[in-house]
Structure formats: C-alpha cells, structure tokens
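What follows is a single structure, written as structure tokens, with notes after it.
The values are calculated or read from the model by the stated rules, or taken from the named source; none is laboratory data. These numbers were taken from a predicted model, which means no experiment stands behind them. Positions of Cβ are backbone-derived with ideal geometry, glycine not excepted, and every protein chain shown enters the neighbour counts.
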Amino acid sequence: MKENDLLVEKVYQQARADEFIWQKAKTLGMSRKKFLQFMTVGAGIAIGSGLPRLRLEEPALAAGEVVKSVPPELFYDYKGIQQEMRWEAMYDRGYLVPNELFYVRNHTATPKIDQKTWRLRVEGSGVSRPREFTYDELLSLPSVSVIRALECAGNGRSFFESVQGKKADGAPWKLGAIGVAEWTGVPLWEVLQLAGVKRTAKDVMPEGLDEKKVRRPMSLAKALEEDTLLVYAMNGQTLPADHGFPIRAFVPGWLGAASIKWVGRIEVSEKPLFSTWNTESYVLIGSDYQPNPPAKGTIITAQNIKSAFELAWDAKMPAGEHLLRGRSWSAGSKIAKVEVSLDGGKTWQAARLREPNLDGAWVRWDVDWNARPGKYQLQAKATDTKGNTQPTSVPFNAKGYLYNVSSTAQKIVGGRAGKP
Ligand SMILES: Nc1nc2c(c(=O)[nH]1)N[C@H]1C(S)=C(S)[C@@H](COP(=O)(O)O)O[C@H]1N2
Ligand SMILES: [Mo]
C-alpha cells in the first residue's frame, strides 16, 4: 500500500479525517475582539449563545485511583495515579490521541463529582461581581473547540538519569506524558467578563476539587487568550472523570500542571498569587537556575520542543523494510523540520512531515528504513518555525522538568532476521 494513494480506502479515510481536523482548527471564536474592546473602554457586551451543543452523557463515577481502564499494553503505571501513554500504541493512529489512550497525571485519586450539585465560584479582589455558575449555565455560554497538545512538565524526566546519569525526583516518565486532543469549552475570558473582571486584576488561579485542591496561577494576559478555556468536552465526548470532569482549565502551551482539572473555584486577584505548585513544584531548581522568591527556582510556564518515535522503548523488530514513524511538537509554534539519525547521531536525514501540522499541537513524520540485523540507536531532532531546536544536553534540575535532548527519542533496536 502506497502512503499517498488516495484510492486506497484506509489512506483516503485518514486524509479526510485530517482535512476535517484542519478545518476545525481554524474555527476559533471571534468575539474576543469585542471583549478586548471592553477591557480598554470599559463597556459591557451582551453574551449570545446558541452554538451547536454536544449531547453530554453522565460518566461513570470513580471507584479506584483512576476511573478509566489502563491496560498495560497501553500505559505504564506509576503508583496508580500516573499513567503514561505507550508510544508504540500510537503507531497507525490518526492525529488525535483517543481519550482511552491519553496520559493521566493526578496528584491524588480522581475525585467523584456530581455535576448537579457542582458549582464554579469566581471570586477575589480582581472581580467586581463575584458569582457562581452551574454546569448548565456554563454549557449555555458560547464555546469554541481547539486542537492542542497537553504535556506534563516532567515528560522525559527519566532521561536525566538514563542519559545524563543524574536522577530527578518524580515519576520516571519516558516521553508519553503528552497528548493532542480537541478541547471544547467556554473561553475563560467569557466567564471572567461575566464576573466583572477589573482592569487592575493581575493573576487568575483555578483551583481543583481534588483532595489536595491543586491550584496554580496564571497572568491575566494568559487567562484572556482566546484559546485559554474552561473545557467540558474532549475529542467530542463528555470530559472523562480522569481528565477533569465536569470542568477543567486548559492553558495551551503551558505546562500541564496549569490546566487544573475538576475546577470548583477561580480566584482573580489584584495581587500576585502563589501556591506550592509554582513555588516548590513546577520550578527549575539547580545550580544553573535562579531562585525567584517566593519560588525556590525558575517558575515554569511554557513547554518546549520535543520528538518521539512511535515505538516501544528498546523496541525489537525483524530485520527488513520498516516505515519508522514519530511526532514532534513545540509549544506555541509549528514544526519546520525533523531530522532522524539511525546511527546514534553520526548522520542525519530529513523525515517526511505529514499534514496537518498545527500550531501548538504536533506534526507526524516518517522515514523509510531497511534495517539490517544489529543494534541501533535512533534519534530525532525537531526545529520549529521560530528556529528553536532540540539541544544536545539540558542542565539538571532537581525535579526533572523540561528534558528535551534530541537523543531523548533513542531506541535500541535489535533486529535479527526472522526473530521478532
Ligand atoms: N486538580 C488537579 N488538576 C491537575 C492535576 C492534579 O493533580 N489535580 N495534575 C496536573 C498535571 S501535573 C498535569 S500534567 C495535567 C494532566 O492532565 P491529564 O491527566 O488530563 O492528562 O493535569 C494537571 N491538572
Ligand atoms: Mo504534570
């Protein structure tokens, strides 16, 4: 089967699905312009609704630590509450990560929340009309859908030890603490506007209803971005319990920890806000980083550029012809090129990029490989349209964040003819 042959049903279906995604990605809400006028001239605007609505079903309530089924062929399990997507399970799939395969990162168990009694409270010195929203009220507001990546700041952490010889605290993620989904929700700015956000407001902090009330602030500017959302649907389905039902924040381009799940309260403040999730964790602590009091290190906001092969770690495959596939991503820009090395970094070749290549999501790529028996170290190195590229080393930080060395994607492939 030829990769580009549109007469082949499977290829055609994939191309059509990708085209659909591409169109959808361009339909971001336009009314934000009006809101920005409001922020400068102080005039209120009426909110209209009536966009097509999704039919939402009640998800199953939580029993254990995570609700969804996390079979070992799809996930690596860390202590039951952190579930890493296996990259080999993405081979042959489309652009989006299905909800069933999306990584989970909880600080404690997934909470059970009844959306009938659930409320979102918006309050603090930065709003003039503090108020509550019910689930139905929130869903009746104008909504948008965006296709974006969500990635844990600790994605790649295990390589600080296995590649650079220094062990960092936290779950030993390989590269599967990332996913791309279509997120549907109400722009956060709509909700802030209804609560009478003041022009003097500084920070906005969503807070979770989980046991530790996980919360982390963002600047008002980030909160007002048109694709910063209060999400209620993921890939067209009701937001699953493990991913934040009934409502999660989605803060594109920023570390996953900013996208607070199970949001019950949003504090808007005229003073800078802090929580342990931006003073002690999710900060870069190490001799190469500056403390930033009250934070113990450099506070992480944006994610960086990385690549992964759609292969198992230490994959074994028969010698012969292979189509090696992978994906690369960079927070807030498109990928311009991806180079692959099959010999541990001695020589590099350009990978073919496959549309769609969406800003803030990822691009799929592939290379042909006629593998002779032996052991190989595969590496991938992406460069984005702003010229960012993957480095050859990353200065160590105690909690192991933002590791994105090009050899991150290394695999040892032992190909013996005839033996799998
Ligand atoms: N309330 C709450 N929100 C949270 C977390 C949490 O433990 N509690 N984990 C955060 C972290 S560290 C990440 S990486 C993402 C993971 O989102 P996911 O589980 O939907 O993939 O959620 C973030 N939001
Ligand atoms: Mo995370």
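I want to confirm something. Restricting to segment 109-166 and keeping residues that are among the hydroxyl-bearing types (Ser, Thr, Tyr) and within 23 Å of the chain's Cα centre (by Cα), which single residue is farthest from ligand 1 (Cβ to nearest atom)?
So, considering only residues that are among the hydroxyl-bearing types (Ser, Thr, Tyr) and within 23 Å of the chain's Cα centre (by Cα), the one farthest from ligand 1 (Cβ to nearest atom) is Ser143.
Tell me which helices (runs of 4 or more DSSP H) are completely within segment 125-225 and hold 1 or more residues being assigned by TED's automatic domain parsing to the domain that holds Gln83 and of a type in the set (S, T, N, Q), or say none if there are none.
158-162, 188-194
Consider Val268 carefully, then state whether it is at pLDDT 95 or above, within 30 Å of Gln115 (Cβ to Cβ) and near ligand 1 (Cβ under 10 Å from one of its atoms).
Criteria not met by Val268.
Which is at pLDDT 95 or above and out of contact with any Pro (no Cβ under 6 Å at 6 or more places or on another chain), of Arg148, Arg215?
Only one candidate passes the filter, namely Arg215.
May I ask you to say which residue of Ser333, Ser275 is hydroxyl-bearing (Ser, Thr, Tyr) and more than 16 Å from ligand 2 (Cβ to nearest atom)?
Testing whether each residue is hydroxyl-bearing (Ser, Thr, Tyr) and more than 16 Å from ligand 2 (Cβ to nearest atom) leaves just Ser333.
Looking only at residues that are surrounded by fewer than 23 Cβ atoms within 10 Å (Cβ to Cβ) and of a type in the set (Lys, Arg) in segment 149-182, which one is nearest to ligand 2 (Cβ to nearest atom)?
Across segment 149-182, the extreme among qualifying residues is Lys174.
Scan segment 207-217 and give yes if some residue there is without any contact (Cβ under 8 Å) to a residue 24 or more places away in the chain, within 16 Å of ligand 1 (Cβ to nearest atom), closer than 27 Å to Asp242 by Cα and in contact with a strand residue (DSSP E or B) (Cβ under 9 Å, 6 or more places away or on another chain), otherwise no.
Looking through segment 207-217, at least one residue is without any contact (Cβ under 8 Å) to a residue 24 or more places away in the chain, within 16 Å of ligand 1 (Cβ to nearest atom), closer than 27 Å to Asp242 by Cα and in contact with a strand residue (DSSP E or B) (Cβ under 9 Å, 6 or more places away or on another chain).
Residues being assigned to a strand (DSSP E or B) and not charged (D, E, K, R): count how many of those fall in segment 362-405.
14
Taking the residues in segment 82-117 that are among the basic types (Lys, Arg) and surrounded by fewer than 17 Cβ atoms within 10 Å (Cβ to Cβ) as candidates, determine which candidate is nearest to Phe245 (Cα to Cα).
The qualifying residue nearest to Phe245 (Cα to Cα) is Lys112.
Determine if segment 185-200 includes at least one residue that is touching a residue at least 60 places away in the same chain (Cβ under 8 Å), under 23 Å from Ile81 (Cα atoms) and within 15 Å of ligand 1 (Cβ to nearest atom).
The answer is no; no qualifying residue exists.
Restricting to segment 226-250, what's the tally of residues that are assigned to a loop (DSSP other than H, G, I, E, B) and not aromatic (Phe, Trp, Tyr)?
Number of matching residues: 10.
So which residues in segment 331-362 are buried (at least 16 other Cβ atoms within 10 Å of the Cβ), among the aliphatic types (A, V, I, L, M) and either outside the structural domain of Thr389 (by TED's automatic domain parsing) or modelled with pLDDT of 95 or more (or both)?
Within segment 331-362, Ile335, Ala336, Val338, Val340, Ala351, Leu353, Leu358, Ala361 meet the criteria.
Exactly one of (1) buried (at least 16 other Cβ atoms within 10 Å of the Cβ); (2) assigned by TED's automatic domain parsing to the domain that holds Met85 is unmet by Thr383. Its number?
(2)
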